[in-house]
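The values are calculated or read from the model by the stated rules, or taken from the named source; none is laboratory data. Small disclaimer: the values here were computed from a predicted structure and weren't measured. Cβ placement follows ideal geometry from the backbone for every residue including glycine, while neighbour counts extend to all protein chains displayed.
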């Protein structure tokens with residue numbers, strides 16, 4: 001082989017890529033002051049930005065009455081949830097921190113920066129907070145996260161299955177802890193849903209919405225591709241019907257009409273709202289998943305069939321994994337939209353984060369503090385949306401490894 | 001020609017008067033072919049002659065509308081269980097490889113043995129590694145298909161088909177999508193497979209391969225078998241004018 005390969009001539013020597021020398025002045029010149037109008041734009045924008053930032057900072061640091069948030073923080077977080085049962089919420093948070101720690105490496109790779117920032121968060125909050133029980137609970141949360149991360153760091157591969165089981169069990173555990181059951185003198189006295197509220201309710205609606213609408217959406221998408229006319233027709237009707245009406249009307253229908261359809265059965269208001277979220281979200285998910293299904297080339301189906309896979313195995317092992325991967329960004333975008341849309345449950349009388357904001361603003365002590373309250377609410381929504389988006393990017397990077 | 005095939009003992013594939021229509025287009029017009037155990041059959045002909053359609057009717061990727069196909073004693077009908085049994089005995093290699101891009105090479109190979117044959121993961125992986133050694137790329141086992149060259153992907157596809165331990169291998173233009181320098185590495189694997197006694201039906205334009213290993217060659221045109229015979233007959237003294245013309249075009253470059 002060596003004798004036949006032509007030798008690379010001297011002129012085609014392999015050179016390192018040209019290095020550009022960077023200095024601040026060069027960078028400024030290239031990016032901000034390259035022409036006279038770019039220079040002008042830069043200066044104008046700089047002035048505007050300075051004014052805006054200064055105005056906001058001045059308000060936030062000197063004028064804003066942030067005590068409306070600190071005094072009502074518990075309301076914002078859990079609504080009217082009884083103080084005596086708050087430990088149950090904390091238990092959920094601690095368990096969540098542990099699960100995130102233990103599965104950090106599986107879903108995100110072991111990058112240090114994010115892990116440190118995430119792990120430090122509860123400790124920082126513990127230092128800031130003035131409430132003694134919360135401080136202890138936050139510290140325990142932080143420790144749980146660190147312990148989970150350490151376990152994963154030490155025995156990552158072996159814990160993979162454990163962490164998956166943990167996530168699957170988390171949802172029912174969450175519900176048992178939050179809603180409780182049975183008599184008042186038992187370990188977990190039941191907490192009626194009209195006391196659930198604030199961020200707790202928002203997150204519960206979101207989690208239930210995602211966990212149940214996702215499989216329903218996948219089934220609807222597969223049904224729409226089905227060659228059996230009845231199934232196909234049912235799915236098309238469902239999807240088009242739900243997509244044809246606004247979310248608010250679906251919520252109202254769930255509130256008012258579910259009791260009519262099921263006479264004699266009293267369904268909880270929160271459960272009815274959850275049903276509305278699931279019904280609505282599933283229709284949109286189905287269309288997104290269908291987009292993914294259509295992106296799979298015919299050859300994949302043929303290869304799977306030629307190997308003797310049954311239609312079910314082909315769908316579950318070959319087609320769906322690829323289809324869902326292709327639409328991760330769209331799916332996460334939709335989950336973020338779902339998270340924000342839950343704020344509409346105010347309309348049917350539930351006090352989620354947005355609803356609590358309204359009740360807080362109605363307190364005589366805090367009239368007219370819309371700016372503070374809505375800034376805070378926006379900040380909380382923003383954090384969670386950012387986390388979902390960041391998670392999806394990690395997931396995508398991980399799943400596209402080697403392609 | 002079918003007289004010739006019928007007289008041989010123990011056919012594993014029997015096709016009798018197979019017809020196939022796409023709408024009004026008559027794609028297969030009465031194909032009859034018997035394939036013995038261990039026989040290597042090469043099918044060639046101009047594009048649109050129905051050779052790919054024919055090979056795909058044998059494992060029911062295409063449905064035939066008239067005639068009879070019997071594979072290893074099982075007749076292809078609408079009975080789903082029969083179709084799945086035949087597919088378990090029949091490996092197929094495609095022009096476009098059709099590896100599963102979301103799975104590693106080894107997972108591509110072990111998927112069907114685990115989920116269709118019910119082997120354990122350890123068993124399946126052991127066989128898969130043996131097959132990867134046989135096709136010459138054991139070091140690529142943990143990579144994804146997208147990281148391999150076309151020739152390597154096609155060799156993985158052959159290993160994937162062989163992992164089901166099929167009695168018959170179908171090749172649908174396995175080298176047509178490959179860069180010229182990669183064709184040989186795939187053909188080498190196929191030659192080795194043919195010499196090991198595998199029953200093979202190969203749709204290909206690689207006449208060198210046909211001359212080296214084919215037992216019988218079939219020339220397809222317009223959905224029919226125009227002529228068949230041993231490579232010596234076909235290359236040395238083709239009877240039909242169409243065969244002569246086609247061979248002169250294929251062999252001239």
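Scanning the range B:84-113 for residues that are more than 7 Å from chain A (Cβ to nearest Cβ), in contact with a helix residue (DSSP H, G or I) (Cβ under 7 Å, 6 or more places away or on another chain) and outside any strand (DSSP E or B) gives B:97, B:99, B:103, B:105, B:106, B:108, B:109, B:110, B:113. So, in the range B:55-71, of the ones that are within 14 Å of chain A (Cβ to nearest Cβ) and outside any helix (DSSP H, G or I), which residue ends up surrounded by the most Cβ atoms within 10 Å (Cβ to Cβ)? Once the filter is applied, the top-ranked residue is B:59.
Within the range B:35-54, the set of residues being on the phi > 0 side of the Ramachandran plot and surrounded by 21 or more Cβ atoms within 10 Å (Cβ to Cβ) comprises B:45, B:50.
Based on this model, can you work out whether residue B:151 counts as more than 8 Å from chain A (Cβ to nearest Cβ) and either touching a strand residue (DSSP E or B) at 6+ places or on another chain (Cβ under 8 Å) or part of a loop (DSSP other than H, G, I, E, B) (or both)? The answer is no for residue B:151.
Out of the residues in the range B:188-203 that are in contact with a strand residue (DSSP E or B) (Cβ under 6 Å, 6 or more places away or on another chain) and outside any helix (DSSP H, G or I), which is surrounded by the fewest Cβ atoms within 10 Å (Cβ to Cβ)? Ranking the qualifying residues of the range B:188-203, first place goes to B:198.
Within the range B:163-182, being at pLDDT 95 or above and part of a helix (DSSP H, G or I) holds for one residue alone: B:163.
Test of understanding: among B:209, B:220, B:235, which residue is assigned to a strand (DSSP E or B), away from chain A (no Cβ under 14 Å) and farther than 30 Å from residue B:120 by Cβ?
Details: B:209 fails: assigned to a strand (DSSP E or B); B:235 fails: assigned to a strand (DSSP E or B).
None of the others qualify; the one that does is B:220.
Could you say whether any residue in the range A:210-217 is in a helix (DSSP H, G or I) and out of contact with any helix residue (DSSP H, G or I) (no Cβ under 8 Å at 6 or more places or on another chain)?
At the first step, the residues of the range A:210-217 found to be in a helix (DSSP H, G or I) are A:210-217.
With the extra rule that they be out of contact with any helix residue (DSSP H, G or I) (no Cβ under 8 Å at 6 or more places or on another chain), the set shrinks to A:215.
For the range A:210-217, residues in a helix (DSSP H, G or I) and out of contact with any helix residue (DSSP H, G or I) (no Cβ under 8 Å at 6 or more places or on another chain): present.
Residues in the range A:120-145 that are surrounded by 18 or more Cβ atoms within 10 Å (Cβ to Cβ) and either under 22 Å from the mean Cα position of the chain (by Cα) or in a loop (DSSP other than H, G, I, E, B) (or both): A:122, A:138, A:141, A:142, A:144, A:145.
For residue B:74, state whether it is within 14 Å of chain A (Cβ to nearest Cβ), farther than 22 Å from residue B:174 by Cβ and in contact (Cβ under 8 Å) with a residue 12 or more places away in the chain.
On the way: within 14 Å of chain A (Cβ to nearest Cβ): yes; farther than 22 Å from residue B:174 by Cβ: yes; in contact (Cβ under 8 Å) with a residue 12 or more places away in the chain: yes.
Yes, satisfied.
Filtered by the rule that a residue be under 16 Å from residue B:222 (Cβ atoms) and crowded, with 22+ Cβ neighbours inside 10 Å, the range B:9-34 gives B:18, B:20, B:28, B:31.
Residue by residue through the range B:114-140, note down the ones that are surrounded by fewer than 17 Cβ atoms within 10 Å (Cβ to Cβ) and assigned to a loop (DSSP other than H, G, I, E, B).
So the first thing to find is which residues in the range B:114-140 are surrounded by fewer than 17 Cβ atoms within 10 Å (Cβ to Cβ), and the list is B:117-118, B:120-123, B:126, B:129-130, B:133, B:136, B:138-139.
Once the filter is applied, which keeps residues that are surrounded by fewer than 17 Cβ atoms within 10 Å (Cβ to Cβ) and assigned to a loop (DSSP other than H, G, I, E, B), the range B:114-140 yields B:118, B:120, B:136.
Residues that are modelled with pLDDT of 90 or more and under 30 Å from residue A:359 (Cβ atoms) number at least 3 in the following helices (runs of 4 or more DSSP H) confined to the range A:1-98: A:36-58, A:73-78.
Out of curiosity, is residue A:292 in contact with a helix residue (DSSP H, G or I) (Cβ under 7 Å, 6 or more places away or on another chain) and surrounded by 14 or more Cβ atoms within 10 Å (Cβ to Cβ)?
On the way: in contact with a helix residue (DSSP H, G or I) (Cβ under 7 Å, 6 or more places away or on another chain): yes; surrounded by 14 or more Cβ atoms within 10 Å (Cβ to Cβ): yes.
So residue A:292 passes the test.
Flag: residue B:147 does not match the condition of being touching a residue at least 40 places away in the same chain (Cβ under 8 Å) and surrounded by fewer than 16 Cβ atoms within 10 Å (Cβ to Cβ). The residues of the range B:29-43 that are touching a helix residue (DSSP H, G or I) at 6+ places or on another chain (Cβ under 7 Å) and under 22 Å from residue B:245 (Cβ atoms), listed by number, are B:31, B:42, B:43. Any idea which of (1) surrounded by fewer than 18 Cβ atoms within 10 Å (Cβ to Cβ); (2) assigned to a helix (DSSP H, G or I) is the one residue B:160 doesn't satisfy? Single failed check for residue B:160: (1). For residue B:88, the criteria (1) under 29 Å from residue A:325 (Cβ atoms); (2) at pLDDT 95 or above hold in every case but one, which is (2).
Kindly indicate whether any position in the range B:35-49 is assigned to a loop (DSSP other than H, G, I, E, B), within 14 Å of chain A (Cβ to nearest Cβ) and either touching a strand residue (DSSP E or B) at 6+ places or on another chain (Cβ under 9 Å) or more than 26 Å from residue B:212 (Cβ to Cβ) (or both). For the range B:35-49, residues assigned to a loop (DSSP other than H, G, I, E, B), within 14 Å of chain A (Cβ to nearest Cβ) and either touching a strand residue (DSSP E or B) at 6+ places or on another chain (Cβ under 9 Å) or more than 26 Å from residue B:212 (Cβ to Cβ) (or both): absent. Within the range A:174-185, identify whether any single residue is surrounded by 13 or more Cβ atoms within 10 Å (Cβ to Cβ) and within 19 Å of the chain's Cα centre (by Cα), and answer yes or no. Yes: the range A:174-185 contains one or more residues that are surrounded by 13 or more Cβ atoms within 10 Å (Cβ to Cβ) and within 19 Å of the chain's Cα centre (by Cα). Looking at the range A:297-403, the helices (runs of 4 or more DSSP H) lying wholly inside it that each contain 1 or more residues that are away from every other protein chain (no Cβ under 12 Å) sit at A:328-341, A:353-361, A:370-399.
Would you tally the residues in the range B:72-83 being in a loop (DSSP other than H, G, I, E, B) and in contact with a strand residue (DSSP E or B) (Cβ under 8 Å, 6 or more places away or on another chain)? Break it down into steps so the answer makes sense when it comes.
So in the range B:72-83, the residues in a loop (DSSP other than H, G, I, E, B) come out as B:72-73, B:76-79.
From what is left, the residues that are in contact with a strand residue (DSSP E or B) (Cβ under 8 Å, 6 or more places away or on another chain) are B:72, B:76.
Final tally of qualifying residues: 2.
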